[in-house]
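The values are calculated or read from the model by the stated rules, or taken from the named source; none is laboratory data. Keep in mind the model is a prediction, meaning the values are calculated, not measured. Every residue, glycine among them, receives a Cβ derived from its backbone with ideal geometry; neighbour counts consider all protein chains shown. Heavy atoms of the whole protein, side chains included, go into the accessibility calculation; ligands, DNA and RNA do not. Shrake-Rupley method; radii C 1.70, N 1.55, O 1.52, S 1.80 Å.
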Amino acid sequence: MLQVEGETSSTEKPGMVPPPPGEESQTVVLPPGWQSYLSPQGRRYYVNTATNETTWERPGSSPGIPASPGPHRSSLPPTVNGYHASGTPAHPPETAHMSVRKSTGDSQNLGSSSPGKKQSKENTITINCVTFPHPDTMPEQQLLKPTEWSYCDYFWADKKDPQGNGTVAGFELLLQKQLKGKQMQKEMSEFIRERIKIEEEYAKNLAKLSQNSLAAQEEGSLGEAWAQVKKSLADEAEVHLKFSAKLHSEVEKPLMNFRENFKKDMKKCDHHIADLRKQLASRYAAVEKARKALTERQRDLEMKTQQLEIKLSNKTEEDIKKARRKSTQAGDDLMRCVDLYNQAQSKWFEEMVTTTLELERLEVERVEMIRQHLCQYTQLRHETDMFNQSTVEPVDQLLRKVDPAKDRELWVREHKTGNIRPVDMEI
């Protein structure tokens, strides 16, 4: 379970604020197991520490005194380190379809027919099924990684799709960036492959040219130098063949293998976050449905209460009791749906933080891996140039030894036909 720095202990209830000193002692002592707390809006509520039940109404101190009509959890999570305790980020939205809701935590019991106390400002705003604090009441925020431009801090809201009328989730933008990086890596490996083909073709042509018989009859020290020129071509061809083989094994192949592993990691992250977002949307739909059902039950209870004021009868009183039970049940159902929604959002929040940090790690790993292999490429190029230089060094040495006079002497010694010069004819 992800723990945000500064988050309250798991044993504390969201929104629990100890009562001011002496306040509780001025009232009747609570039943065993019950504690009193203040909501962030300053209204008192009560928690059974044994069963985790919460209620706005003071629990009875003895049997027969009614307690809460139904257990529920507080729907007012505090803000911790810039995020709600339920995991909801406290960032304002960028743009999307939104639904503004007043917090239910400061109203009377949800099943009651009496309207809750209206707040002067909305507390939350829902964007594409994700709940954010309202911009007008947004608390001061702290980033999860304040010293870094981390993905986990800046991609909570959805963004308008520039190519359409819809929106793109923040995580989808991150995923697109990673997939673009994967594509760039693929193109780099293809580039290296083309370089290998060029090297192989070049080596083949050099080897073929070294076997050419042109100027093979050149003699003397110049002939020796010319023969070494052709031999150096064969040696250079071998150098380029080795260079291409190393490019394949030490650069191209690692790039391709890493790309395939990276692709699998991206697919896993994409499906996981998408499933959690779908579950969150489903929970939000259930909350809206329960909210609508509660409104209908409260409307029915109010109508029956008005009928009782007009005409008092036992049947009307029974109808009111039944309507009140249904209204209370609808309120409990709404609380249960809100709790399930908050759990789903908390899980999505935690996985978003974990996954975005993993994307950062994978991205750094990808960039560093490519950098290392491109360094290997340049190292191989330097080695190739060095080996190529070594193939022409014997040529340079022989060219410095070319001596036309010495060549002429050797040739004359071998091919001379006589050194007696002709003279004039006598009469």
Solvent-accessible area of H248 with every protein chain in place, 1.4 Å probe, in Å² to the nearest 10: 80 Å²
Normalised alpha carbon radius of gyration of segment 243-297 [divisor 2.2 N^0.38 Å]: 2.36
Amide N of segment 266-309 lying under 16 Å from the label point, which is placed 7 angstrom from the Cα of T316 along Cα→Cβ: 300-309
Calculated log₁₀ intensity ratio I(q)/I(0) where the Debye formula runs over C-alpha points of segment 248-365, q = 0.22 Å⁻¹: -1.10
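So what is the accessible area of segment 220-350 per residue, in Å², with the probe set to 1.4 Å?
Working: 7500 Å² over 131 residues.
Using a 1.4 Å probe on heavy atoms only, each residue of segment 220-350 averages 57 Å².
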Exposure of E317 as accessible area (Å², to 10), given a probe of 1.4 Å and all protein chains: 70 Å²
Restraint check, K180/K246; K197/K264; K292/K321, Cα-Cα greater than 25 Å: K180/K246; K197/K264
Fully extended contour minus Cα-Cα distance, from M303 to E194, at 0.36 nm per residue: 31.2 nm
Euclidean distance of C-alpha centroids, segment 121-146 and segment 344-410, integer Å: 49 Å
Largest-first ordering by accessible area, 1.4 Å probe, given options M184, M425, M369: M425, M184, M369
Per residue solvent-accessible surface (Å²) - segment 359-401, probe of 1.4 Å: 64 Å²
Carbon/sulfur fraction of accessible area - segment 144-236, other protein chains in place, 1.4 Å, %: 55 percent
Set of aspartates and glutamates near K160 by C-alpha distance (under 18 Å), chain-local residues within fewer than 8 positions excluded: E94, E172
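Treating only the Cβ of Lys, Arg, Asp and Glu as charged (+1, +1, -1, -1), what charge dipole size does segment 164-254 show about its Cα centre? Round to the nearest 20 debye.
Here the size comes out at about 540 debye.
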Under 20 Å from K416, Cα to Cα: lysines that are on another chain or at least 8 residues apart: K406
Partner lysines for K347 [C-alpha distance under 20 Å; skip if fewer than 8 residues away on the same chain]: K13, K145, K267, K268, K278
Sparse-neighbour loop sites [GluC sites (Glu not before Pro); segment 375-427; at most 14 other C-beta within 10 Å; DSSP]: E426
Stretchable slack from Q329 to R413, in nm (0.36 nm times residue separation minus alpha-carbon distance): 17.9 nm
